Amino acid sequence: MRLAGPAAVARKGVACYPLATVIRLDSVSKQHGKQLLFVDASMSLFRGERVGLVGPNGAGKSTIFRMVVGEEEPDAGQVMVDRGVVVGHFSQDTGDMRGRTVVEETMAGAGAVSEVARELHALEHAMGDPDRADELDALVERFGVVQARFDELGGYALESRAREILAGLGFREEIMDGDVGNLSGGWKMRVALARILLMRPDALLLDEPTNHLDLESILWLERFLLEFEGGLVLTSHDREFMNRIVTKIVEIDGGELTTYSGNYEFYVEQRTLAEVQQQAQFERQQAMLAKEKAFIERFKARASHAAQVQSRVKKLEKIETIEPPRRRKVVEFEFRQAPRSGDDVLRYEGVAKRYGERVIHEGFELLIRRKERWCVMGINGAGKTTLLKLGAGTLAPDDGTVHIGAGVKLGYFAQHAMEQLVPEATVIESLERAFPLATIGSLKTLAGAFGFSGDDVEKRCRVLSGGEKARLVLAKMLYDPPNLLILDEPTNHLDLGTKEMLVGALRDFEGTMLFVSHDRRFLSSLSNRVLELDGGVARVYGGGYDEYVAETGREAPGVG
């Protein structure tokens with residue numbers, strides 16, 4: 001997380017563009033080792049614009065953010081921030097958080113007002129210190145000045161705004177007043193995001209802001225960003241989030257930055273259309289070149305055609321060659337069909353689960369039948385993950401029973417499953433250990449389908465990112481698929497391409513599913529039943545997620 005203000009106005013140049021321009025990259029080139037990220041690339045962010053930055057992993061999206069806030073310099077060209085513009089940058093690195101409450105940590109990142117608040121707090125202590133009684137008049141005078149500045153900056157509303165943002169991101173009041181150091185990494189990421197939103201910068205750079213959010217928090221963040229008046233650049237693996245937020249797409253591909261007006265869906269349509277047109281132009285030119293070369297080859301030895309041959313040679317030398325469209329390599333993998341189970345797959349009978357005095361489920365009943373795909377909805381703490389753990393057998397009910405049906409082969413994906421990978425094993429070794437009879441070619445194709453191409457298969461599990469570990473666990477699960485899949489947030493950290501591949505594979509899955517996800521495309525594409533958990537009450541909806549939204553008028557429990 002990084003804030004950039006007037007000190008970051010000009011790096012390798014001074015901005016002299018219209019006031020509406022907030023950030024500008026002008027003919028930027030950047031190389032990391034042997035990897036060339038950008039060559040003479042340009043883009044602009046204007047006040048009020050909401051830009052989605054897209055491109056394959058490693059293309060340089062995060063590098064653009066780091067160059068804007070001054071953490072990296074371009075090798076050539078200029079990165080400029082308009083004079084006086086304050087930039088708020090949210091990244092996946094939260095830094096050290098401890099020693100303050102969640103609210104205090106959030107307020108500490110509010111820019112100038114947080115600095116004034118700290119001085120005001122120090123002056124309050126100083127005025128009450130008997131050892132500084134002789135300074136009291138000066139302290140009181142300074143306190144008055146600082147207090148006026150604090151009021152001018154809206155400081156007295158700061159805490160209420162901080163609590164409102166934290167509530168929107170899923171924090172309960174008792175958590176807000178607790179030590180931030182006690183939070184998990186995912187919840188600290190939410191605090192880091194809250195800090196940036198509270199500071200009200202002129203420009204927001206958000207790198208994967210939805211990674212650690214549930215659906216309710218994502219919907220709140222959408223509303224917040226739609227009302228944000230500054231410039232916004234974001235990356236996200238959530239297709240629906242991008243569609244609703246952005247008004248422009250900047251694509252990083254092969255060292256170039258290409259701008260498309262519209263949301264993500266429009267960008268996909270335009271990119272596809274441009275590829276089709278470029279392919280047609282390429283093929284027409286190749287046909288013409290082949291024809292000209294054939295003429296030259298046929299008549300180059302004839303004196304009577306010497307002038308014509310020479311003319312055509314010169315013509316070919318002047319032609320600007322059209323390149324075929326760059327298509328991102330998508331590895332297709334045909335997953336096996338799961339074996340058939342009995343018709344009754346999973347039954348919860350009178351199930352109760354409590355944690356101390358807190359009742360999560362009481363007398364819960366549910367029958368899941370073959371080919372049903374249940375998505376479980378509910379606010380934080382409603383018991384979604386607990387329900388999945390009970391179904392998977394990793395958690396025992398306090399009362400009641402959970403029955404697995406005849407012929408059921410269970411596959412369970414949860415975040416803890418990633419901890420079971422052997423740290424020193426490589427990606428390909430992990431797959432070979434799981435499937436010793438499979439050919440190395442089929443396992444490499446499997447790895448490629450889940451985003452491990454080339455030398456990536458030789459990476460050791462201990463150095464894999466969270467997203468890479470999730471992809472490897474899913475690959476192992478789906479190569480020899482079970483007929484009951486219980487999935488707890490399977491799309492966390494997956495890029496858009498891998499998500500699309502996973503949705504495609506699961507759309508053709510012949511088995512049964514029970515899952516929790518905050519990805520609306522995943523929910524919409526795969527569910528045909530909805531279970532909503534609300535304060536101990538379980539509601540069943542006969543259709544999928546789209547029908548649930550149509551029937552209830554809300555996209556998630558607790559969201560109007």
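The values are calculated or read from the model by the stated rules, or taken from the named source; none is laboratory data. All figures in this text were calculated on a predicted structure; none of them were measured in a lab. Virtual Cβ from ideal backbone geometry, glycine too; neighbours counted across all protein chains shown.
Of everything in the range 434-445 that is assigned to a helix (DSSP H, G or I) and either β-branched (Val, Ile, Thr) or touching a helix residue (DSSP H, G or I) at 6+ places or on another chain (Cβ under 9 Å) (or both), the residue that is surrounded by the fewest Cβ atoms within 10 Å (Cβ to Cβ) is ILE440. Consider GLU357 carefully, then state whether it is surrounded by fewer than 16 Cβ atoms within 10 Å (Cβ to Cβ), of a type in the set (Asp, Glu) and modelled with pLDDT under 95. Here the answer is yes, as GLU357 does meet what is asked. Note on the range 533-550: residues that are charged (D, E, K, R) and at pLDDT below 95 amount to 2. Taken over the range 79-102, the criterion of being surrounded by fewer than 23 Cβ atoms within 10 Å (Cβ to Cβ) and over 28 Å from VAL39 (Cα atoms) is satisfied by GLY84, THR94, GLY95, ASP96, MET97, ARG98, GLY99, ARG100, THR101. Selection of the range 368-385 for residues being crowded, with 18+ Cβ neighbours inside 10 Å and either over 25 Å from the mean Cα position of the chain (by Cα) or on the phi > 0 side of the Ramachandran plot (or both) yields ILE368, ARG370, GLY378, GLY383. Counted as qualifying within the range 338-406 are the strands (runs of 3 or more DSSP E) with 2 or more residues that are among the hydroxyl-bearing types (Ser, Thr, Tyr), namely 344-355.
When VAL309, VAL313, VAL268, VAL250 are checked against the criterion of being touching a residue at least 60 places away in the same chain (Cβ under 8 Å), not assigned by TED's automatic domain parsing to the domain that holds HIS493 and not charged (D, E, K, R), a single residue qualifies: VAL250. Restricting attention to the range 502-552 and to residues that are closer than 18 Å to ALA475 by Cβ and out of contact with any Leu (no Cβ under 9 Å at 6 or more places or on another chain), the residue that is surrounded by the fewest Cβ atoms within 10 Å (Cβ to Cβ) turns out to be ASP508. Strands (runs of 3 or more DSSP E) fully within the range 44-136 that include at least 1 residues being more than 23 Å from the chain's Cα centre (by Cα), under 24 Å from GLU208 (Cβ atoms) and at pLDDT 90 or above: 76-81. Kindly check whether there is at least one residue in the range 108-118 that is in the same structural domain as VAL39 (by TED's automatic domain parsing) and small (Gly, Ala, Ser). Checked against the condition, which is being in the same structural domain as VAL39 (by TED's automatic domain parsing) and small (Gly, Ala, Ser), the range 108-118 yields no hits at all.
Listed by position, the helices (runs of 4 or more DSSP H) enclosed by the range 171-290 that each have at least 2 residues that are surrounded by fewer than 22 Cβ atoms within 10 Å (Cβ to Cβ) and under 22 Å from the mean Cα position of the chain (by Cα) are 185-198, 215-227, 239-245.
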